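Chemist: Here it is: the structure, laid out below.
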Amino acid sequence: MEIKAFSLPFAEQIEFFRRKLNLPTQSWTDIYNKQHDWAFVVAGANRNDLVADFRTAVEKVIADGGTLEDFRKDFDSIVAKHGWSYNGGRNWRSRVIYETNLNSSYMAGRYQQMQAVSARRPFWRYVHSGSENPRHDHLSWNNLVLRYDDPWWQTHYPPCGWGCDCRVQAL
């Protein structure tokens, strides 16, 4: 069983995810950037009941610490129940939904935790994910240390784009 850091649930992560509003979409281009902080979307899931079922499956994984394989079982059931036709293969599509939601909620929860300890740990270090095909700007930020209240963090706190697995350490 593979366990990544962001697959272990915690209160701030769960609270962040639960604050989101369900939003049906036609395409991944229907919502951008910080709008994802407020809306739960699955690209191409264009019916309320379909989005609600995906949200329930994702929330279960976040709250209970489930694996990608756990989520894939729910994914298969939801797709069959709704007759949903999606782009990409099953493994790719389910992984994108799983990792995107777990990573973004994890980092939002970590941001809240790091803000709470900023008096004791006022410096933050950007840590590149070490991905095989890195984005050059993310790689250039690796080990950059700035105060937690530096305006740079307002636009560079991970995830910094789709598929970003970079992290931040409080120092």
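The values are calculated or read from the model by the stated rules, or taken from the named source; none is laboratory data. Source: prediction; values computed, not measured. A quick note on method: Cβ atoms are made from the backbone with ideal geometry, for glycine too, and the neighbour counts reach across all protein chains shown. Just so you know, the surface numbers come from the protein's heavy atoms only, side chains and all, with ligands and any DNA or RNA stripped out. Shrake-Rupley method; radii C 1.70, N 1.55, O 1.52, S 1.80 Å.
Chemist: Let me see the pair-distance distribution of the stretch 14-171: every alpha carbon pair, 10 Å bin width, integer percents in order.
Modeler: With a bin width of 10 Å, the distribution comes to 10, 36, 33, 17, 4, 0.
Chemist: Among His136, His156, Val117, which residue has its Cα furthest toward the positive end of the charge dipole of the stretch 95-171, with +1 on Lys/Arg Cβ and -1 on Asp/Glu Cβ?
Modeler: Val117
Chemist: How do Phe123, Phe54 stack up against each other in accessible area, from largest to smallest, with a 1.4 angstrom probe?
Modeler: Descending accessible area places them as Phe123, Phe54.
Chemist: Let's see if you can work this out: charge +1 on each Lys and Arg Cβ, -1 on each Asp and Glu Cβ, no other charges. What is the dipole magnitude of the chain about its Cα centre, in debye to the nearest 20?
Modeler: In total the dipole reaches around 180 debye.
Chemist: If you don't mind, there's one more thing I want to ask. In bins 10 Å wide, starting from 0, what share of all Cα pairs of the stretch 84-171 does each bin hold, as a percent?
Modeler: 16, 43, 27, 10, 3
Chemist: Same structure again: Using protein chains only and a probe of 1.4 angstrom, how many square angstrom of Tyr98 are accessible, to the nearest 10?
Modeler: Its accessible surface works out to 20 Å², give or take rounding.
Chemist: With every protein chain present, what accessible area does Ile97 have (1.4 Å probe, heavy atoms only), rounded to the nearest 10 Å²?
Modeler: Solvent-accessible area, nearest 10 Å²: 10 Å².
Chemist: Grab the DSSP H runs of the chain that are 4 residues or longer, score each as -39,500 (n - 2.57), total them, divide by all residues and round the 222 nm result to the nearest 500 deg cm²/dmol.
Modeler: It lands at -14000 deg cm²/dmol.
Chemist: Ordering Tyr86, Tyr111 from largest to smallest accessible area (1.4 angstrom probe), what's the sequence?
Modeler: Largest accessible area first, the residues go Tyr111, Tyr86.
Chemist: Something else about it: Express in % the proportion of alpha carbon pairs of the stretch 13-99 at distances exceeding 19 Å.
Modeler: Everything past 19 Å amounts to 33 percent.
Chemist: Using protein chains only and a probe of 1.4 angstrom, how many square angstrom of Arg135 are accessible, to the nearest 10?
Modeler: Counting only protein heavy atoms, Arg135 exposes about 90 Å² to solvent.
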